[in-house]
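The values are calculated or read from the model by the stated rules, or taken from the named source; none is laboratory data. Just so it is clear, the structure is predicted and the values come from calculations on it, not from any experiment. Every residue, glycine as well, gets a Cβ built from its backbone with ideal geometry; the counts of neighbours run over all protein chains shown.
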Amino acid sequence: MRTGDWIKQFNITVKSCEERPDKPQGEIVYRVKDIFTTRDGSWESSSTPGAVNRWARDEYLKPWGAADYFDDAGADHHLFARVLDLNGNPIKERDSILYWSDGFDKLGDPNYSGYVRQTPKERSGWSNIVIFSGYVPERREIGPWSWCPVGAADVVVGGGLPANWHVSIFVVWQAEKRSAAPKPQPPVQPQQPEAPAEKVDPSSGADVALLTGVRQAAWRLAGVESSPDSAFANHARAHGLGMPVTNEYTVGGVRAQGFSRGIVYSSGSEGITHAAW
């Protein structure tokens, strides 16, 4: 599964078909193949939160006149879905995409009737709905919308407008035979380097417990959620990089955090280092 840079930061997740409370059956199961975002309707790659990845632009932005021209690509606060069959061809059956905003668990309620059903467009193979629901990812909030193809399928959860930005979310599912599908594995969490022990000058008379409390309070007042005892914080402290100005974040597989005089980052294998703004 290819995942855009902002999916994790926007608290958007994929629930496997096996996690669904309704336990859909069938030999064919639809797996999420690609998931990405655009910001303000633009398909130009940039550092703007929610901006599209280049691989997504290259594969899915079809030019005017193409047989599968994507006429809705510039919609800027929408949830998109495209479903491919076993041969990679778009499935365009009527009412074949489900959207709902009352939680993933509603799949287990046979009496629930809040689904919005959409039919993919005949030319592009994409379906979409417009959304207006804002949420704040930094507060660990998630968007209210879920969507998936009809039948046995993975489900995308957390659709909405992060920080009320005009972000559209695009998801592509690929059909595969259930008998050939590997059992889903839990995601591997990257290991964070261990934080070095706090060094206190004995002659300074500093109380370690008191110093820790002072730092934690200062970080909270600065509006930063990460721990002042993290590996990034210790690195910044050891190199005189000043106070934190962002929470920890991930971009392109690299974990990073901004401090007032530099950006601390780690790709896992190369350890922790920093760069200028």
Which pairs do you get when a residue that is outside the structural domain of Trp173 (by TED's automatic domain parsing), found in the stretch 26-44, comes within reach of a residue that is at pLDDT below 95, reach meaning Cβ atoms under 6 angstrom, with the pair 6+ apart or on two chains? none
Checking Gly41 against (1) at negative phi; (2) small (Gly, Ala, Ser); (3) surrounded by fewer than 20 Cβ atoms within 10 Å (Cβ to Cβ), the condition it does not meet: (1)
Note on the stretch 139-174: residues over 13 Å from His77 (Cα atoms) and surrounded by fewer than 16 Cβ atoms within 10 Å (Cβ to Cβ) are Arg139, Arg140, Glu141
Restrict the check to the stretch 157-176 and report whether at least one residue is out of contact with any Phe, Trp or Tyr (no Cβ under 7 Å at 6 or more places or on another chain) and hydroxyl-bearing (Ser, Thr, Tyr). no
Is there a residue being surrounded by 15 or more Cβ atoms within 10 Å (Cβ to Cβ) and closer than 26 Å to Glu19 by Cβ anywhere in the stretch 55-70? yes
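Could you tell me how many of the residues in the stretch 105-140 are farther than 30 Å from Lys62 by Cα, assigned to a loop (DSSP other than H, G, I, E, B) and not polar (S, T, N, Q)?
Counting residues in the stretch 105-140 that are farther than 30 Å from Lys62 by Cα, assigned to a loop (DSSP other than H, G, I, E, B) and not polar (S, T, N, Q) gives 6.
Table: residues versus (1) of a type in the set (Asp, Glu); (2) closer than 21 Å to Arg178 by Cβ.
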| position | (1), (2) |
| --- | --- |
| Glu44 | yes, no |
| Asn53 | no, no |
| Arg57 | no, no |
| Ala66 | no, no |
| Phe70 | no, no |
| Phe104 | no, yes |
| Gly108 | no, yes |
| Ser113 | no, no |
| Gln118 | no, no |
List every residue pair whose Cβ atoms lie under 9 Å apart, where the two residues are 6 or more positions apart in sequence or sit on different chains, the first residue falls within the stretch 83-94 and is without any contact (Cβ under 8 Å) to a residue 12 or more places away in the chain, and the second residue, located anywhere, is buried (at least 17 other Cβ atoms within 10 Å of the Cβ) and not in a loop (DSSP other than H, G, I, E, B). Asn87/Ala175
Let me spell it out: the conditions are (1) modelled with pLDDT under 80; (2) surrounded by 13 or more Cβ atoms within 10 Å (Cβ to Cβ); (3) on the phi > 0 side of the Ramachandran plot, and Ser267 meets all of them except one. Which number is the exception? (3)
